[in-house]
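K.L.:
Let me give you the structure first, and then I'll get to my questions.
The values are calculated or read from the model by the stated rules, or taken from the named source; none is laboratory data. Please read these numbers as outputs of a predicted model, since none were measured by experiment. We place every Cβ from the backbone using ideal geometry, glycine too, and count neighbours over all the protein chains shown.
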Amino acid sequence: MKKLFLCTCNKTLDKKLDFLRIEKELKGVFDSVQIHDALCLKEGLAFLESEVSNEDSVVIGACTSQIIGMPMSEKLKTESVSFVPLREHVAWVHSNDLKGASNKAVVLLCDAAIRVDHMDSPTVVENHMEKEVLIVGGGMCGLKVAADLLHLGIDVTILEPCPWDDTAYVEAGQFMADKNTLTKMVKELVSATASATTICCTITGLEGRAGKYGVSLACLDGKVSTIDCGSIVIATNVEQKPPPMAKKLLYGKSDRTILLGNLATLVEKQGPKDVRTVLVAVDPTHHLSAVEGGYLLRVVTEAAKKGNTVIVAHSNIRTDDENIYRAARESGVIFVRGTLEKAKDTKDGMVCRLENTLESQIREFVVDLLVLQTMTRPRGDTAELARIAGLSLDEDGFITTRYSKNKPVQTSKRGIYIAGNGKMPMSIDDAIASAGNAALEVFKDIRTTTRRKGWIPIIDEEQCDVCEACIEACPNDALRLVDGKVTHISQHCEFCGICVSVCPTRAIEFQSHSKESWFARLEALAENHKKMEGEKPFTFVYACSECANASIDLAGFTGKGYPTGTYVIQFPCAGMVSPIEILKGLAVGAERIVVAHCPPGGCHHQTGDHMAELVVKFTQDMLRSIGQDPERVKATYMIAALPNKMQEEVAHRG
Amino acid sequence: MTKTVVVIGAGLAGIQVTQQLTDLGVTVHLIEKESIIGGLATHLGRVFPTGDCALCLDACEELFDGHHRRCQYRSLLTSKKNLKLYTQTEIRSITEVDGKFSLSIKSHPRYVLLDRCVVCLECINVCDVEIPDEYAIRGGTRKAIYRPISQGVPLVPLIDMDHCTQCGKCVEVCGVDAIDLAEKAKTRTIKADALILATGVEEKIPLNLPGYAYSESDDIITQRELARLIDPTGDTDGQVITSSGDAAAKVTMILCAGSRDLEATEYCSQACCTYSLKHANMLRDKEIDVTICYMDLRVQKASNHYLDLAREKGVKFLRGKPDRVVVRNGKPTTIVEDTQTQQRMEIESDIVVLASPLSPLASQSEVLADFLGEYGFALRVVKEGRVYACGTATGPEDIPTSIAEANAIALRVYADLEGGR
Amino acid sequence: MVVRRSTSDLAFRNWVLEQPEGETLLRCYQCGRCTSACPVAAIDNSFNPRLFLQKILLADESLAEEQLVWTCLTCEQCEVRCPEHVKIPHLLILAKVRGLVGGNIPQAALDRARAILAGGRIIMVNESMLKTRDKMGLPDLGQPPVDQIASVLKEIGLAKKLENVESVYGGGSNE
């Protein structure tokens, strides 16, 4: 039996929707139509339970499914229920158009009736993570991850190209904090990680999947081996590199030009009478990070305290601790806001001439040493490691994370995390927090076997001509070529469907979202629209189920109304929309198609926003080439913080 | 036996640490003094470094496998079984007995029942009372029964009893008996094995800041208030208008308005440079002329693109800390030395925006005083095995750092409570 | 643009730092709030307290040589507004003293110092002034203890200095 349940939401929606007419129109579509006043409450849920049996397929026309979705999902099978958010997507946004809103409700409910016919039961993906954890990079962050995991009873292997001792850790971390702090922390961490296995190797290859990675190693002694691990934490270190202007400032040519780290060493060893005049130059083309600024300030303060005359030529002082800037000034460091363009080595010293912008005055300093502020950059082997692991790098060579706002340690690959400075230069506190975060993610993965439910792509081997476009496009490395066939690694799949839109032969169909289902739905939507609204033009909004759908929900909540004749069709990800669905939409008569995706770089599946833009552009080109108006198709982002987006995109029609 | 943790403050960090601990099987009591969760983020609309929604949460694992990130209102946070959320709740006392905490908390009544309300919002439509809306900048109003913001969680409205006339119209219209005008405050005692301070920061209201005339003109506003002006869900529908209702054509921003100042707030609030740039870019998109008066531009690496973009879009940068803002001919005029030309300038603009410091909320509470350190911020581990802090309660920081910190603290608390295996 | 070589011995700056409260100079981070607060700077763009502090920080003796600092009204508005509690008017006084030591002092200031030495007063009191005072019912001014003042100034060595010093700029006419 196919059953429709409508909710009046405390009898408020019946002012905006003509429930009797909706019921009448849908009599032939559903075996039963029932109207309730509060489906989400205890009594409503009890009512549903009493009315629905396991064999029924159900359409619920109520509010945004997140509100009632949870209690409902415990009672109904995913594949036999389809929700239509009549409240947010219809009643609240067309509140002055009872007739239009009711017509739209009928069209959407008919669509849901078809949708529910095409739904498959979701695939259960089990992932058991091997308990072994590989930590790449044995700096302080690596040690911290190891310490946290060992404490929780998880074995770790720390991988380093060369063996470290306590001083090496302090040395490598000195840009992050003062020596005393570091020495104390290193001591604690080294003793907490005594039981970790440490091997001196570099990674030469990576295969397998999250939970079961196989890592090929080349060791110092020339031996080659592999180890198996469930998850990998990248905790590679950074190094201090000369800034772009180093050459102009005679770095490498004159003994008087040194790097900040050299100054730190000199000052440490400096005798009481051994005072110098030094000028520290900061490259203005380099965005100084807080930790780099902090390092600079700590070093110059020490230098000034030892009696040296220290001048800092900078364009911006950046630190997360104002008090260390205060301390630097009070220690007598002279700050000059200007850029040192060139220096001249003379017998009296290095002649540094620069414009002090705060007095519009060129000043000349003759100094014993010219010190270059260094750039904190990933260690040399990071790029190679990223290549092997299939991770991307930012313009400075740091490894990028999955989503920079609230996925601070997740890389684009499941089971591979990044802790500390491999992502960006961090203060010691932030680096330690980042390591703790990575340890948490690993621990959560290992703790239980995860069981995820979702629709996955099904590959038709006969249709597939192994062009590998899907393998290239899958943001989660869930498609691979195995024995000449495209194979789905379900443990990596995030159920987005981006693979579908890139397949040129449509050899990939997504469960519940087959081409046939789209064709049936789009045809019915158009037909029903024409039946209800005649020749009135209509628009399809292909919205991703995350940000775009939320934005449209919020349009309802905030009363940002838009004209009827706009049908929102949910896709798991906007990246799943292929030219086929767009062209079909136009073919059935839609005036416009809007593909609404997550904000640039903010796709929940990583690349869906980008993919949607590409697909739309491709389709526009196609339309142009056959003399059609490409402007009928558009890709745009929609987010909950911009609930007016829907209004803006469809307002030109009425 | 499952362990119990009290998380104080349901801002982004509090929510994050709660999500993680509950995913790990720890029972969490989440205490929030406001009627909705989200903290400072409820005011911000869009945030750096990604430019998307402030109210985007790392959603719980069991519900959203694959893409554990959801809008606050879709996160289903409140339906987690081992999470108890107390809104409108204050902590009256904290006592430590035999290594366990006992907290006395008082929850103020919402007058609308969470398990009855269907969020039809009819009660709000029928309410006759109109009072100034705390989230509005240009005179917007709300009802006595209201939802503070559209994404506010719990979604259920609440009644502001200070302004309610008890006319009973809302009760009458509510067909599901969700309104109880006689609801009383509840005092409870909760026991916990550990406390986590996630009390966050607020933007200091610069009422007593000499020179910047904040209280003299409604066209001298803070960055938080500007965020409300730009927000399309705010009372101006995202239009940047002056107090007289005209569209603003020229905006001057003053950074460090009270930060890095021994007389006001000594520390650098860290986030203001970046959100000022974010706002400046948004204003430039509306073709509003923007001048930023700064001392240093302290932008996090992950947000450097805001600075590059601001230069590209023609935001004017002036290095100098203004002495004062005076209202002349009804317009705020900023008096500042451009230190790089050594010229004293008087900049007349339609709106002046002050980047006011972020100050710790925990320092406003007497019961938390013992846990706080310098400037009213707490250490991450206040008391080994007992009291922790994360998010901006430990110092001003951006969202990614806050989230990482909350995650790290979640693991730390879990490990300390459950012990090594 | 003139190139100024910054002296390596930083004599001027170090001398300022040695004076009582002179060390507050180091707290300055050149925000410029003092200049925008200054009523003199509002009239005369060349009077720039922040710039004066920058020059002291860089030990630029030209500040002491030039007589611009003498325009300071010591109204202390700059100090009230300084976010880092720099004793700006005091530092400007130190700059004046530095000038004085080197003989760089405006003619008008010299004249006044000499007037004190000679008559115990900055301004010479003439008959018409006394009459006006009388009319207004103000009390008799009496005579300043000229001898006492002279001996104090002699004791601290200022009297001798005033005998020898001439303003290098010889100005004063534009006072």
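K.L.:
So which strands (runs of 3 or more DSSP E) stay within the range A:32-139 end to end and still have 2 or more residues that are at pLDDT below 90?
P.N.:
A:123-127
K.L.:
Sticking with this structure for a sec: Restricting to the range B:205-239, give me the number of residues that are of a type outside the set (Asp, Glu) and farther than 24 Å from B:GLY152 by Cβ.
P.N.:
12
K.L.:
Within the range A:607-630, is there a residue that is surrounded by fewer than 24 Cβ atoms within 10 Å (Cβ to Cβ) and closer than 22 Å to A:GLY454 by Cα?
P.N.:
So far as the range A:607-630 goes, yes, one or more of its residues are surrounded by fewer than 24 Cβ atoms within 10 Å (Cβ to Cβ) and closer than 22 Å to A:GLY454 by Cα.
K.L.:
Got a sec? Which strands (runs of 3 or more DSSP E) wholly within the range A:374-484 have at least 1 residues that are small (Gly, Ala, Ser)?
P.N.:
The strands (runs of 3 or more DSSP E) meeting that bar are A:450-454.
K.L.:
Can A:LEU288 be described as within 14 Å of chain B (Cβ to nearest Cβ), part of a helix (DSSP H, G or I), within 13 Å of A:GLN373 (Cα to Cα) and among the aliphatic types (A, V, I, L, M)?
P.N.:
Taking the combined requirement at face value, the residue does not satisfy it.
K.L.:
Could you identify the single residue in B:THR187, B:THR242, B:THR199, B:THR236 that is hydroxyl-bearing (Ser, Thr, Tyr), under 29 Å from B:THR394 (Cβ atoms) and more than 14 Å from chain C (Cβ to nearest Cβ)?
P.N.:
Result of the check over B:THR187, B:THR242, B:THR199, B:THR236: B:THR199.
K.L.:
Right, another one. Can you list the helices (runs of 4 or more DSSP H) found entirely within the range A:528-642 that contain at least 3 residues being within 14 Å of chain B (Cβ to nearest Cβ)?
P.N.:
A:547-557
K.L.:
Of (1) in contact with a Gly (Cβ under 6 Å, 6 or more places away or on another chain); (2) more than 15 Å from A:VAL371 (Cβ to Cβ), A:ALA304 satisfies all except one. Which?
P.N.:
Going through (1) in contact with a Gly (Cβ under 6 Å, 6 or more places away or on another chain); (2) more than 15 Å from A:VAL371 (Cβ to Cβ) one by one, A:ALA304 breaks only (2).
K.L.:
Quick one: count up the residues across the range B:11-26 that are at the interface with another protein chain (Cβ under 10 Å from one of its Cβ atoms) and not in a helix (DSSP H, G or I).
P.N.:
Number satisfying all stated conditions: 2.
K.L.:
Further question: Of these, A:LEU354, A:LEU340, A:LEU358, which one is at the interface with chain B (Cβ under 10 Å from one of its Cβ atoms), buried (at least 17 other Cβ atoms within 10 Å of the Cβ) and of a type in the set (A, V, I, L, M, F, W, C)?
P.N.:
Only one candidate passes the filter, namely A:LEU358.
K.L.:
Checking A:ILE317 against (1) of a type in the set (Val, Ile, Thr); (2) at the interface with chain B (Cβ under 9 Å from one of its Cβ atoms); (3) farther than 25 Å from B:CYS272 by Cβ, which single condition isn't satisfied?
P.N.:
(3)
K.L.:
Turning to a different aspect of this structure: Counting only residues that are buried (at least 20 other Cβ atoms within 10 Å of the Cβ) and of a type in the set (Gly, Ala, Ser), which one in the range B:249-294 is nearest to the chain's Cα centre (by Cα)?
P.N.:
Here the answer is B:ALA271.
K.L.:
Hey, another quick one. Which of the numbered conditions does C:LEU153 fail, given that it passes all the others? Conditions: (1) at pLDDT below 90; (2) of a type in the set (A, V, I, L, M); (3) loosely packed, with under 13 Cβ neighbours inside 10 Å.
P.N.:
All conditions are met except number (3).
K.L.:
If you don't mind, there's one more thing I want to ask. Among the helices (runs of 4 or more DSSP H) lying completely within the range C:60-175, list those that include at least 1 residues that are over 30 Å from B:GLU266 (Cα atoms).
P.N.:
Counting at least 1 such residues, we get C:62-65, C:88-101, C:107-119, C:127-135, C:146-155, C:158-164.
K.L.:
Look at A:THR487 and say whether it is surrounded by fewer than 18 Cβ atoms within 10 Å (Cβ to Cβ) and either touching a His at 6+ places or on another chain (Cβ under 7 Å) or under 27 Å from A:LYS241 (Cα atoms) (or both).
P.N.:
Judged against the criteria, A:THR487 is not a match.
K.L.:
Examine the range C:38-50 for a residue that is part of a loop (DSSP other than H, G, I, E, B), under 15 Å from the mean Cα position of the chain (by Cα) and not hydroxyl-bearing (Ser, Thr, Tyr), and state whether such a residue exists.
P.N.:
yes
K.L.:
Whether any residue in the range B:52-61 is without any contact (Cβ under 8 Å) to a residue 60 or more places away in the chain, surrounded by fewer than 23 Cβ atoms within 10 Å (Cβ to Cβ) and over 26 Å from A:ASN644 (Cβ atoms) is what I want to check.
P.N.:
yes
K.L.:
With the structure loaded, tell me whether A:ALA469 is aliphatic (A, V, I, L, M) and either within 29 Å of A:TYR295 (Cβ to Cβ) or within 12 Å of chain B (Cβ to nearest Cβ) (or both) or whether it fails that test.
P.N.:
Spelling it out, it is not the case that A:ALA469 is aliphatic (A, V, I, L, M) and either within 29 Å of A:TYR295 (Cβ to Cβ) or within 12 Å of chain B (Cβ to nearest Cβ) (or both).
K.L.:
What is the number of the single condition among (1) under 20 Å from B:TYR212 (Cβ atoms); (2) surrounded by fewer than 24 Cβ atoms within 10 Å (Cβ to Cβ); (3) more than 12 Å from chain A (Cβ to nearest Cβ) that B:ASP338 does not meet?
P.N.:
Result: B:ASP338 fails condition (3) only.
K.L.:
Let me ask something additional. All but one of (1) within 30 Å of A:MET176 (Cα to Cα); (2) surrounded by fewer than 21 Cβ atoms within 10 Å (Cβ to Cβ) hold for A:ILE234; state the number of the condition that does not hold.
P.N.:
Evaluating A:ILE234 over (1) within 30 Å of A:MET176 (Cα to Cα); (2) surrounded by fewer than 21 Cβ atoms within 10 Å (Cβ to Cβ) leaves (2) as the failure.
K.L.:
Among residues belonging to the range B:357-414 that are assigned to a helix (DSSP H, G or I) and of a type in the set (D, E, K, R), point out the one that is surrounded by the most Cβ atoms within 10 Å (Cβ to Cβ).
P.N.:
B:GLU405
K.L.:
Restricting attention to the range C:8-29, and to residues there that are of a type in the set (Asp, Glu) and either within 12 Å of chain A (Cβ to nearest Cβ) or part of a loop (DSSP other than H, G, I, E, B) (or both), which single residue is nearest to B:SER259 (Cα to Cα)?
P.N.:
Within the range C:8-29, the match that is nearest to B:SER259 (Cα to Cα) is C:GLU23.
K.L.:
Here is a further query. Under 9 Å by Cβ, and 6 or more places apart or on different chains, what pairs join a residue from the range B:247-258 that is on the phi > 0 side of the Ramachandran plot with one that is modelled with pLDDT under 95 and part of a strand (DSSP E or B)?
P.N.:
Here the result reads none, with nothing in the range B:247-258 linked to a residue that is modelled with pLDDT under 95 and part of a strand (DSSP E or B).
K.L.:
List pairs: first residue in the range A:263-277 and within 14 Å of chain C (Cβ to nearest Cβ) and in a loop (DSSP other than H, G, I, E, B), second residue hydroxyl-bearing (Ser, Thr, Tyr) and surrounded by 16 or more Cβ atoms within 10 Å (Cβ to Cβ) anywhere in the structure, Cβ distance under 8 angstrom, at least six positions apart or on different chains.
P.N.:
So the pair list comes out as A:VAL275/A:THR309; A:ARG276/A:THR309.
K.L.:
I'd like to verify a number: residues in the range A:408-449 that are crowded, with 24+ Cβ neighbours inside 10 Å, among the polar types (S, T, N, Q) and either at the interface with another protein chain (Cβ under 7 Å from one of its Cβ atoms) or closer than 21 Å to B:THR22 by Cα (or both), how many?
P.N.:
Within the range A:408-449, residues that are crowded, with 24+ Cβ neighbours inside 10 Å, among the polar types (S, T, N, Q) and either at the interface with another protein chain (Cβ under 7 Å from one of its Cβ atoms) or closer than 21 Å to B:THR22 by Cα (or both) number 2.
K.L.:
Of the conditions (1) away from every other protein chain (no Cβ under 14 Å); (2) without any contact (Cβ under 8 Å) to a residue 60 or more places away in the chain, B:CYS293 satisfies every one except a single condition; which number is it?
P.N.:
Single failed check for B:CYS293: (1).
K.L.:
Whether any residue in the range C:91-99 is more than 22 Å from C:LYS160 (Cα to Cα) and either among the hydroxyl-bearing types (Ser, Thr, Tyr) or touching a helix residue (DSSP H, G or I) at 6+ places or on another chain (Cβ under 6 Å) (or both) is what I want to check.
P.N.:
Yes: the range C:91-99 contains one or more residues that are more than 22 Å from C:LYS160 (Cα to Cα) and either among the hydroxyl-bearing types (Ser, Thr, Tyr) or touching a helix residue (DSSP H, G or I) at 6+ places or on another chain (Cβ under 6 Å) (or both).
K.L.:
Return yes when B:PRO360 is within 8 Å of chain A (Cβ to nearest Cβ) and in contact with a helix residue (DSSP H, G or I) (Cβ under 7 Å, 6 or more places away or on another chain) and no when it is not.
P.N.:
no
K.L.:
Here's a follow-up. Residues of the range B:366-394 being at positive phi and within 8 Å of another protein chain (Cβ to nearest Cβ), which ones?
P.N.:
none
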